[in-house]
Amino acid sequence: MKLTTSVFGALVALALSAQAATVTVGNLPGNVPAPILGTDGANLASGSVAIGIFSGDAGALGAAGDIDGLKAAFTQFGDAVSMGFNGIDGLYQNTISATVAGSAFSGANVYTVVGNGADIAGSSGLFVYDHGFTFVDEPGATPDAVLTGGSVIYGTTGTGNVGGTDFAGFQLAGMGGGPVIPEPSSALLGLLGLGFLAFRRRK
């Protein structure tokens, strides 16, 4: 009986400590667009936007260009949202909600991660932004995660055109659309070179 009471008490305590938190994410600080560009330099037409935390040193991973390391070290808060705001490529504005128990996220830096895939794990290009503030336990107490006042961890700055006007924005870095496949002429030259080396060794 004591064991059952203890377990029940622990579950009640866990339920009371878990709180719903909502974070608004966007790249329209002060209603001024800060467009996200794909690895090709054009406004990102599709992709996913996530918010969360990193284990380890995200700055070091970003500086090393370790996109796989960044993906492995990222813990996402809630669900990702899709790129696109009012049908305009490169923009996003939405809310992300999740229930947090106040352990993993509390006090950790808030990061926005934008990928060119359906989710972050499946993206070949990423943009990572450190907002310079931390997650907190109280619902609604985390500031809106807009791209201002923080620093770029992975990716570069760029210029995107929104409604006929150029705005300063950010560009994804990474592997672009996938692995680089050599053109037939390059592959043929490589084979010829290998054949020549083999011929010389036989002599």
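Specify the residue that is surrounded by the most Cβ atoms within 10 Å (Cβ to Cβ); the eligible residues are those in the stretch 41-61 that are touching a Leu at 6+ places or on another chain (Cβ under 9 Å) and under 30 Å from residue 165 (Cα atoms).
44
When the residues of the stretch 1-53 are narrowed to those that are under 23 Å from residue 78 (Cβ atoms), assigned to a strand (DSSP E or B) and among the polar types (S, T, N, Q), which ends up modelled with the highest pLDDT?
48
Would you confirm whether any residue within the stretch 136-151 is closer than 21 Å to residue 41 by Cβ and either crowded, with 18+ Cβ neighbours inside 10 Å or modelled with pLDDT under 85 (or both)?
yes
So which residues in the stretch 25-46 are in contact with a strand residue (DSSP E or B) (Cβ under 8 Å, 6 or more places away or on another chain) and under 15 Å from residue 149 (Cβ atoms)?
Correct list: 25, 26, 27, 28, 29, 32, 34.
I want to confirm something. Restricting to the stretch 75-87 and keeping residues that are part of a strand (DSSP E or B) and in contact with a strand residue (DSSP E or B) (Cβ under 6 Å, 6 or more places away or on another chain), which single residue is surrounded by the fewest Cβ atoms within 10 Å (Cβ to Cβ)? First the steps, then the outcome.
Residues of the stretch 75-87 part of a strand (DSSP E or B): 75-76, 81-82, 85.
Going one step further and asking which of them are in contact with a strand residue (DSSP E or B) (Cβ under 6 Å, 6 or more places away or on another chain), we end up with 75-76, 81, 85.
On the way: 75: 13, 76: 18, 81: 18, 85: 17.
So, considering only residues that are part of a strand (DSSP E or B) and in contact with a strand residue (DSSP E or B) (Cβ under 6 Å, 6 or more places away or on another chain), the one surrounded by the fewest Cβ atoms within 10 Å (Cβ to Cβ) is 75.
The values are calculated or read from the model by the stated rules, or taken from the named source; none is laboratory data. This one's a predicted model, so the numbers in the text were calculated from it and none came from an experiment. Glycine gets a Cβ as well: all are built from the backbone with ideal geometry, and neighbour counts include every protein chain shown.
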